[in-house]
Amino acid sequence: MLTGCRASRPQDGTYTARYQYPSHGYVEYLTVTFRDGRAAEVEFDAYSETDPSAKKSSLTKEEYPMDPHPSKWMNDLERNIEKAGLKADKIAGVAGATSSSRHARELYDAVLT
């Protein structure tokens, strides 16, 4: 469980939240850099629980046969996070990535907290 208080405007800096346990062999994480109170840079990805250097977005279609491929929907999800402002519940989900869309909202909420 996370505790803390939410600032009305985040301090400039880079913040990361990640799941403690893997899902389907990957640990999802979100890194957000805030500048002037807004999300200026966003990285949503997942790394292999057995090889932290193996990111899901870098896998080939043969290595991770998902349609749409993570390299596509992760970029879409990152843009949706930027558009959501400071409201995690406003992050638009991405078709074909329902669970990860929900996880992105939860991770963004943790970053904001």
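The values are calculated or read from the model by the stated rules, or taken from the named source; none is laboratory data. Quick caveat, the model's predicted, so the values are computed rather than measured. FYI the Cβ positions are ideal-geometry reconstructions off the backbone, even for glycines, and counts take in every protein chain you see. Side chains included, ligands, DNA and RNA excluded: accessible areas come from the protein's heavy atoms. Shrake-Rupley method; radii C 1.70, N 1.55, O 1.52, S 1.80 Å.
Here are some notes:
- For the chain, the dipole from Cβ point charges (+1 on Lys and Arg, -1 on Asp and Glu) about the Cα centre works out to 460 debye, to the nearest 20.
- Mean accessible surface per residue for the chain, computed with a 1.4 Å probe while every protein chain stays in place, in Å²: 61 Å²
- In the frame of its principal axes, the chain has Cα extents of 44, 25, 21 Å, reported largest first.
- All other residues whose Cβ lies under 11 angstrom from that of Arg38 are scored, Lys and Arg at +1 and Asp and Glu at -1, for a net of -1.
- Computed over the chain: relative contact order in percent, which uses C-alpha pairs under 8 Å that are six or more apart: 25 percent
- For region 38-104, averaging the sequence separation of C-alpha pairs within contact (under 8 Å, six or more residues apart) and dividing by the residue count gives a relative contact order of 31 percent.
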